[in-house]
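The structure appears below as C-alpha cells.
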Amino acid sequence: MTLSRFRSKPSAATGASADAAASAARVHVVTFGCQMNKYDSLLAEGRFKRRGYEVALGIDDADVVLFNTCSVRDHAEERTYSWVGELKRAKASRPDLVIGVIGCMAQRVGEEIFARAGHVDIVAGTRQFHRLPELVDEVRERRDAAAQAGRRGAQGRGARVLALEMNDPVAVDREDERFDGELAAYLTVMRGCDLNCTYCIVPTVRGRVLSRPVDDVVREARWFVSRGARVITLLGQTVNSYGEDFPAPGAGEPRMRGRQGRPGLADLLHRLQEVEGLARVRLITLHPSYLTRELALALRDCDKVDRFLPLPAQSGSDRILRAMKRGYTTGLYERRVDVLRALVPDVELGSDWIVGFPGETDADHAASERFLGAQGFAVNYVFKYDPRPGTSAADGLADDVPEAVKKERNQRLLARSAEVSLRRHAGHVGAIRAVLVEGLSDRAPGTLVGKTRHGMTISFEGAPALVGGEVAVLVEQASAFGLAGSLAGPHAGAGDAP
Ligand code: SAM
Ligand code: SF4
C-alpha cells in the first residue's frame, strides 16, 4: 500500500538515513499542530534512537508509527482520525506494525480513540513522550504473551496500552539526539498553562505549568548552536510566565528578575545573550498579564532578542474578554504595551483573535477591529470560535453566533489585519535593517529571504553563500506580507544600523 499523503507530509519530525541498517527497528512520527508538538516529536524520536531505532522517512518504511496530535480545534482532531484511518489496511497486511496516537488529543479523548480506531495500539498523553519506547515494548510483550497462550486476536485489544499520567515531568536530555544543523531551532522552556481561558482546552490536556531550570535551557540552546542553529525560538503557552512556578528566593539568596526574585524569562534572555554563535532569540507566545517592566528591559538590553512579540489580545471588547476570563481589559493591555513601547519603541506586536465567541455582538466585533488598528498588530491569526468539550465556555455558554456570521467576522478582521500589516511594514521602508539570511526564495531565482529583528520577512538579491549570515539590507518596498530591499553591506552584529 502506498501512502503518498503521508510521504509528502512536511511536518514529519525529521528525515532519516536512507541506508539504515536493515535490521534496526524504524520509527516515524507524524506531527499535527504547533511548534511545541514538533519539538515533542523530535524528543520522542531521540528516545527511540537512544534505544537503537532508526528514523524512517515515511510510514511505509516504519515499524512504529506515531501521530503527535492537536486538540485546540475540532478540525485538528478530525484530521487526525482521517490520517490514522488510512493505516487500517496497512495494519491488516503488517500486523507487527505498532500505531500510537500521542499528545494533546490522546490526553483529551483517551480510551475512546481505541473505540473509534480499533487498529491503534498506544494512546499516550502529553507527559509521556520520554516513555514511548517502553510503551512500544509493552505492546510487543503483550502480543507475544497472547500469541504464546494461543489467544486469538493477540494483535488487537489485549495488547493495547493507555498512558495518560500527567504528573511526570518530561525528561529532556538531548546529548545523542538528532538535529540536522538547521538554522532555526525550537526550544520548549515550560510546559502546561496555569490560566483558565474559558474557551481553551490546553490547560486540561497539557496540565499545570512546569518550567525547566535556566541552566537546562541554556545547555540545550548551546547544544543546538553547536549543531548549526543560529536562531532559537523559546516556546511556552505563556512563555513570559516562565519561572512563576519556581520557589521565591529565601533571605540572603540571590534575587533574580522574575516575580518576588524568582528566575524569570528576562534572566533566560540575558543568559542566552551570552551564548556565542547564537544570533537571534524569538519568543512564542506571550500573555499580556505577564508583560513586566523587567521583560521590557531585557528586550531593550539584549540585542539578540527579536523586537517582535506575539501577544494575543483575542478580543477588543472588555465584555468578551471578561467572558473569556483572559484576566485583562483592553485598557490594561494598552497600559502594559505603553510600558513596553516606552523602553523598546520599535517593538512590533502580533495577535490571535477569536471571532464569534458566545454572546459576541456586532458592536463587540467592531471593538476588536478598532483595537487591532489602534494597537497596530503587524501579524494576526484569526480563529472562529469552536466549542471544545470539557471547557467552561462549551459547557456553560450557548454557541449562539451563527457560522455564517463567524465566517463574515473572520473575513472582516483579516481584511483589517491586511491594512494594518501593510501600514506596519511600510513604516520600515527607507531604514537599513539587520537581516538574518534564512534561505533562497522558491519563487524568484537569485533572491534571498531573511528576517529582520522585527520578525518581518524580507527578500533581496544576493549570493546563496550569504545564507546563515547576517547582512544589512535597505528596505525599499512593503506589502501586507513582507518587505523587499537591496543589500546594503555586511552586518557586524545583531543590532540595526542607526
Ligand atoms: N497560549 C496562547 C495564548 O494565550 O494566547 C495561545 C494558545 S492556543 C493553542 C492558540 C490559539 O488558538 C489561541 O490564541 C486562540 O486564539 C485559539 N483558540 C484556542 N481555543 C480556541 C477555541 N476553542 N476556538 C477557537 N480558537 C481557539
Ligand atoms: Fe489557553 Fe489561555 Fe492558557 Fe493560552 S493562556 S494556553 S489561551 S488557557
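Some observations on this one:
- Top-ranked residue of the range 120-172 - restricted to ones that are open to solvent by 10 Å² or more (accessible area, probe 1.4 Å) and among the acidic types (Asp, Glu), ranked as modelled with the lowest pLDDT: Asp168
- Failed criterion for Asp352 (all others in (1) over 20 Å from Leu372 (Cα atoms); (2) within 16 Å of ligand 2 (Cβ to nearest atom) hold): (1)
- Residue in the range 234-257 that is more than 16 Å from ligand 1 (Cβ to nearest atom) and not in a loop (DSSP other than H, G, I, E, B) present: no
- Residue match in the range 275-286 (condition: within 16 Å of ligand 1 (Cβ to nearest atom), crowded, with 20+ Cβ neighbours inside 10 Å and part of a helix (DSSP H, G or I)): no
- All positions within the range 315-341 that are charged (D, E, K, R) and under 20 Å from Gly396 (Cβ atoms): Asp318, Arg319, Arg322, Lys325, Arg326
- From the list Gly243, Gly228, the lone residue that is within 30 Å of Gly450 (Cβ to Cβ) and either among the β-branched types (Val, Ile, Thr) or open to solvent by less than 50 Å² (accessible area, probe 1.4 Å) (or both) is Gly228.
- Of the criteria (1) surrounded by fewer than 20 Cβ atoms within 10 Å (Cβ to Cβ); (2) in a strand (DSSP E or B), which one Lys451 fails: (1)
- Considering the conditions (1) among the small types (Gly, Ala, Ser); (2) under 23 Å from the mean Cα position of the chain (by Cα); (3) open to solvent by less than 40 Å² (accessible area, probe 1.4 Å), Gly359 is excluded by exactly one of them, (2).
- Output for the range 421-437, where each listed residue is buried (at least 17 other Cβ atoms within 10 Å of the Cβ) and either assigned to a helix (DSSP H, G or I) or of a type in the set (Asp, Glu) (or both): Ser421, Arg424, His425
- Selection over the range 300-351 of residues that are charged (D, E, K, R), open to solvent by 40 Å² or more (accessible area, probe 1.4 Å) and at negative phi gives a count of 12.
- Tally, over the range 223-260, of residues that are out of contact with any helix residue (DSSP H, G or I) (no Cβ under 7 Å at 6 or more places or on another chain) and acidic (Asp, Glu): 2
- The condition (being at pLDDT 95 or above, crowded, with 16+ Cβ neighbours inside 10 Å and within 16 Å of ligand 1 (Cβ to nearest atom)) is satisfied by just one residue among Thr188, Thr198: Thr198.
- Filtering the range 374-397 to residues that are within 30 Å of Phe481 (Cβ to Cβ) and within 14 Å of ligand 2 (Cβ to nearest atom) leaves Tyr381, Phe383, Tyr385, Asp386.
- Residue within the range 235-242 that is closer than 25 Å to Pro312 by Cα and either among the aromatic types (Phe, Trp, Tyr) or away from ligand 2 (no atom under 16 Å from the Cβ) (or both) present: yes
- Residue in the range 22-39 that is at pLDDT below 90 and aliphatic (A, V, I, L, M) present: yes
One line per residue, one yes/no per condition, for (1) part of a strand (DSSP E or B); (2) out of contact with any helix residue (DSSP H, G or I) (no Cβ under 6 Å at 6 or more places or on another chain); (3) within 11 Å of ligand 1 (Cβ to nearest atom):
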residue	(1), (2), (3)
Glu360	no, no, no
His365	no, no, no
Ser368	no, yes, no
Leu372	no, no, no
Ala393	no, yes, yes
Ala398	no, yes, no
Val401	no, yes, no
Val405	no, yes, no
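The values are calculated or read from the model by the stated rules, or taken from the named source; none is laboratory data. The structure presented is a predicted model; accordingly, all values stated were derived computationally and were not measured. Positions of Cβ are backbone-derived with ideal geometry, glycine not excepted, and every protein chain shown enters the neighbour counts. SASA here: full protein model, heavy atoms, side chains in, ligands and nucleic acids out. Shrake-Rupley method; radii C 1.70, N 1.55, O 1.52, S 1.80 Å.
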